[in-house]
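Written below as structure tokens is the structure these notes are about.
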Amino acid sequence: MQKVIQLKRTTNIANKEENVMNQKAIQKLEFDKIRKMLAESAVSDLGVKYCLTLMPSSNMEEVIKMQQETEEAVYILKYKGRSPITSFEDVRDYLSLAQKGSVLSAKVLLQFAGVLCASRTARNSFDLEGEFTKLLASYAMQLRVFKTLENDISESILSEDSIADNASSTLFDIRRQIRLLNERMRSKLDAMVISHAKYLQDPIVTIRNGRYCLPVKQEYRKNVNGIVHDQSSTGATLFIEPLMLVEGGNELKQLSVKEQQEIERILAGFSSQAAEIADEVATNIAVLQHLDVIFAKGKMALDMQAVRPKINKQRYFNFINVRHPLLPKETVVPCSIWLGEDFSTLVITGPNTGGKTVTLKTVGLISIMAQAGLHVPAAQGTSVYVFQEIFADIGDEQSIEQSLSTFSSHMTNIVNILRDVEEDSLVLLDELGAGTDPAEGSALARSILSYLTERKILSVATTHFSELKAFALSTEGVENASVEFDVESLRPTYKLSIGMPGKSNAFEISKKLGLPNIFIERAKEHLSVEDAKFEDVIASAEHHRQVAERERQKAQELYKEAQETKAQADKILLKAQEKYKAATDKAKSDAKQIVNKAKRESAGIIQELKNIKASGNIPWHEIDEQGKRFASLEDMLNPDIEISNKAPLDKDKLNVGDRVKLAGFNTDAILLSLPDKSDKVQVQVGSVKMYVNFDKLSKTNKEYKKPKTTVTKKISSAGPVSLSCDVRGLSLEEAILETDRYLDDSLLKGFKEVSIVHGKGSGVLRAGLQEHLKKLKYVDKFRLGRYGEGEDGVTIVTLK
């Protein structure tokens with residue numbers, strides 16, 4: 001068991017700035033470029049400034065909170081399509097001046113109103129009781145709204161150089177006087193231009209020193225009485241204010257002074273109101289800045305197609321299909337990297353330009369982004385750990401001024417890292433041990449990695465040394481990884497394979513580039529037998545791994561195709577089931593309608609038979625008719641009729657009056673008409689007549705037998721019959737049935753005149769009933785009701 005190396009600390013831990021990582025790692029991992037991308041999504045200068053100085057946090061609770069903020073922002077951006085934060089200016093310094101009695105300019109007051117508007121808009125945009133945005137809603141609750149002051153400023157100050165007339169009644173009156181005075185003076189000047197045209201250089205009116213003037217020729221100076229305010233550069237033209245306008249000009253000057261004084265008073269009033277709420281507005285600005293940065297994070301997450309990483313407390317990370325955020329997502333090759341659960345040190349090997357350094361930077365940059373509250377470009381399930389510090393030694397930092405070679409500069413960084421590193425740190429080392437004697441460099445690299453592994457500090461290192469590959473294979477807590485390289489195309493594939501050491505491919509690449517084979521064979525002779533066998537084992541293992549990977553991808557594609565086929569089949573089955581259910585529901589609904597009609601019809605027959613029985617005078621033709629109606633009900637409700645249309649009809653052999661089977665109704669029908677041009681026929685089911693498509697009919701195996709009706713002659717008393725029948729709310733067919741039944745009862749009672757109440761409505765029910773009454777032999781005449789009888793809503797029927 002190796003002894004753990006103890007390093008002497010020379011730094012004062014207590015003096016470290018809490019929750020802030022070293023700037024060197026942030027620079028090496030190019031986090032500044034991420035910050036610039038983030039700043040492009042901010043809408044305010046304050047937001048941009050904060051984004052450009054964004055730092056990762058090493059406080060786990062703070063990181064979780066920032067990740068939640070970003071997730072809620074993403075939710076709102078997806079739901080509303082835009083950020084609720086509008087542009088605003090930082091006016092806190094001006095508000096401090098206002099609190100000391102200064103008068104703010106119109107420009108600053110407009111910016112102040114913009115802050116009030118942005119605060120109001122942001123607060124109103126949040127669902128303060130939303131389940132998925134509770135954190136951002138709590139921030140919005142801190143925003144104070146001052147709508148009245150905002151409106152007053154916006155309506156009074158039109159621009160930084162323009163105050164509205166209605167800013168105050170005094171200003172409105174002053175400007176009205178100025179306009180009237182200007183009109184009078186312009187009228188006088190226009191008259192003078194005409195009357196003194198021969199004395200003027202040009203027939204125009206000009207303004208000099210705020211006074212109206214005429215451009216008078218030098219030689220006619222004495223012909224125009226007035227005050228000279230200016231002259232042309234040649235002296236040929238004098239700009240004279242006519243004497244008759246001097247008094248008006250003075251009055252105009254006085255009004256202009258009053259106007260400025262009133263404007264100053266208005267601005268002072270607004271400045272005083274702004275000073276009174278300066279602290280609340282300063283809080284608003286801080287909240288708006290924070291929200292602006294949060295929504296910039298949300299927008300960048302959507303642009304990157306990033307996800308919220310899980311935060312774990314077990315000191316490991318698992319990046320699933322992670323992409324380097326600075327590389328185009330269309331071309332970057334995703335890779336999966338994990339560290340901390342089964343091993344704490346990862347040694348990445350492979351040829352130059354194979355992507356080792358990109359992988360190293362991806363690990364560091366993704367960790368920093370997550371700890372800064374940014375979502376990461378990876379797949380769902382990605383997990384990160386909140387490191388207290390991230391150290392990185394990447395790139396060549398040789399310095400001529402400090403006489404540092406490449407090796408020296410690397411070793412200086414590593415010394416500082418080993419001095420400051422803690423168990424909760426992440427260490428990233430690029431080309432560890434390079435730049436010096438390979439044997440010594442390899443030994444140093446193994447020593448450093450052993451120290452980090454023994455302390456279980458999460459570390460990732462890239463190297464070319466074969467000794468480190470063997471070290472990773474034989475050391476617990478250390479794992480090999482490699483980046484693939486296509487020797488045929490001499491291009492890296494950028495695919496990372498954890499568990500497999502990489503092969504340098506120096507001989508293959510040299511041969512592909514044209515180096516004569518003799519040099520390659522001599523070079524192989526200089527390799528030790530162990531090294532050659534080790535490289536061959538790696539090459540064989542890598543070949544079989546790539547074959548297995550290709551087979552796995554094929555299997556995944558086949559599985560995906562099978563899943564898609566199954567999904568399509570499920571959709572087809574679901575649609576078929578929905579159609580079957582719809583057809584079944586329709587059949588049940590149609591059957592229910594037929595049963596309901598049959599119930600109403602049978603009730604009518606029974607009532608009519610009771611009425612016949614009670615009358616004592618038995619009309620046998622009526623009894624025979626009721627028997628026929630019962631027979632039709634028997635056919636309608638016969639449960640033995642098949643639904644399927646297995647025996648089609650021949651149109652040529654079809655006759656009116658034939659009995660046919662009606663599909664979908666489980667009943668036979670009587671054919672009332674032959675097929676028309678649209679292939680529709682009229683049939684009667686019991687007492688119900690309807691039009692159906694010819695293809696709904698088929699042959700029936702039942703023979704029509706006239707039903708036998710037996711009627712008893714025992715008569716009993718019937719109930720009272722009203723003098724009116726109310727059919728409102730019924731369909732025309734139902735109304736006709738009810739009317740026939742009512743008229744039969746009325747005849748039996750000996751009524752001569754009765755009323756049918758059908759309502760006014762659209763008139764369809766009234767017209768249909770009256771048309772039906774015309775066909776009844778026992779109806780003598782009918783008419784619409786008069787005033788007091790119901791008018792157009794009632795038909796009065798006179799019976800024979």
- Message: When you scan the range 251-267, do you find a residue that is closer than 30 Å to V193 by Cβ, hydrophobic (A, V, I, L, M, F, W, C) and assigned to a loop (DSSP other than H, G, I, E, B), even just one?
- Response: no
- Task: Among residues belonging to the range 181-214 that are in a loop (DSSP other than H, G, I, E, B) and among the polar types (S, T, N, Q), point out the one that is most open to solvent (accessible area, probe 1.4 Å).
- Result: N209
- Total residues in the range 215-249, condition assigned to a loop (DSSP other than H, G, I, E, B), surrounded by 14 or more Cβ atoms within 10 Å (Cβ to Cβ) and of a type in the set (S, T, N, Q): 0
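I'd like to know if the range 316-324 contains one or more residues that are crowded, with 24+ Cβ neighbours inside 10 Å, β-branched (V, I, T) and part of a strand (DSSP E or B). I'd like the intermediate steps shown before the answer.
Initially, the range 316-324 is screened for residues crowded, with 24+ Cβ neighbours inside 10 Å, giving 317, 319, 322.
Restricting the remaining residues to those that are β-branched (V, I, T) gives 322.
Then drop every residue that is not part of a strand (DSSP E or B), which leaves 322.
Yes - at least one qualifying residue is present in the range 316-324.
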- Scanning the range 98-124 residue by residue, the ones that are farther than 18 Å from T148 by Cα and surrounded by fewer than 16 Cβ atoms within 10 Å (Cβ to Cβ) total 6
- Query: Give me the pairs: first residue in the range 367-389 and on the phi > 0 side of the Ramachandran plot and assigned to a loop (DSSP other than H, G, I, E, B), second residue open to solvent by 10 Å² or more (accessible area, probe 1.4 Å) and of a type in the set (V, I, T), beta-carbon distance under 8 Å, and six or more apart or on different chains, which are they?
  - Reply: G381/I320
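Answer yes or no as to whether G514 is exposed (fewer than 13 other Cβ atoms within 10 Å of the Cβ), at pLDDT 70 or above and among the small types (G, A, S). Give the derivation first.
Values: exposed (fewer than 13 other Cβ atoms within 10 Å of the Cβ): yes; at pLDDT 70 or above: yes; among the small types (G, A, S): yes.
Yes; evaluated as a whole, the condition is true for this residue.
Looking at the range 385-392, is at least one residue more than 22 Å from K456 (Cα to Cα) and open to solvent by less than 10 Å² (accessible area, probe 1.4 Å)?
Residues of the range 385-392 that are more than 22 Å from K456 (Cα to Cα), as a first pass: none.
Checking the range 385-392: not a single residue is more than 22 Å from K456 (Cα to Cα) and open to solvent by less than 10 Å² (accessible area, probe 1.4 Å).
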- Task: Determine whether A167 is crowded, with 16+ Cβ neighbours inside 10 Å and touching a residue at least 24 places away in the same chain (Cβ under 8 Å).
- Result: yes
- Which residues, counting only those in the range 723-736, are part of a helix (DSSP H, G or I) and either of a type in the set (V, I, T) or crowded, with 19+ Cβ neighbours inside 10 Å (or both)? A735, I736
- Query: Among (1) part of a helix (DSSP H, G or I); (2) touching a strand residue (DSSP E or B) at 6+ places or on another chain (Cβ under 8 Å); (3) of a type in the set (D, E), where does E771 come up short?
  - Reply: (2)
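Taking the range 746-768 on its own, how many of its residues are under 60 Å from the mean Cα position of the chain (by Cα) and either without any contact (Cβ under 8 Å) to a residue 12 or more places away in the chain or not in a helix (DSSP H, G or I) (or both)?
Keep residues of the range 746-768 that are under 60 Å from the mean Cα position of the chain (by Cα), which gives 757-768.
Those left that are additionally either without any contact (Cβ under 8 Å) to a residue 12 or more places away in the chain or not in a helix (DSSP H, G or I) (or both): 757-763, 767.
Looking only at that region, the number is 8.
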- Query: Pairs, please: C-beta under 6 Å, at least 6 apart or cross-chain, first residue touching a residue at least 24 places away in the same chain (Cβ under 8 Å) and in the range 437-448, second open to solvent by 20 Å² or more (accessible area, probe 1.4 Å) and part of a helix (DSSP H, G or I)?
  - Reply: S442/E467; R446/F471
- What are the residue pairs meeting all of these: first residue in the range 322-341, first residue touching a residue at least 60 places away in the same chain (Cβ under 8 Å), second residue among the basic types (K, R), Cβ atoms under 7 Å, and 6 or more apart or on different chains? L326/K33; V332/R323; V333/K495; C335/K495; G340/R315
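Taking the range 286-311, which residues are polar (S, T, N, Q) and at pLDDT 95 or above?
Applying the first criterion (polar (S, T, N, Q)) to the range 286-311 yields 289, 305.
Selection gives Q289 alone.
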- Note on the structure: Only one of (1) crowded, with 18+ Cβ neighbours inside 10 Å; (2) of a type outside the set (G, A, S); (3) assigned to a loop (DSSP other than H, G, I, E, B) does not apply to R82, and that is (1)
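The values are calculated or read from the model by the stated rules, or taken from the named source; none is laboratory data. Quantities reported herein were computed from a predicted structural model and do not represent experimental measurements. With ideal geometry, Cβ positions are generated from the backbone for all residues, glycine too; neighbour counts draw on all protein chains shown. Surface accessibility is based on the protein's heavy atoms, side chains included, excluding ligands, DNA and RNA. Shrake-Rupley method; radii C 1.70, N 1.55, O 1.52, S 1.80 Å.
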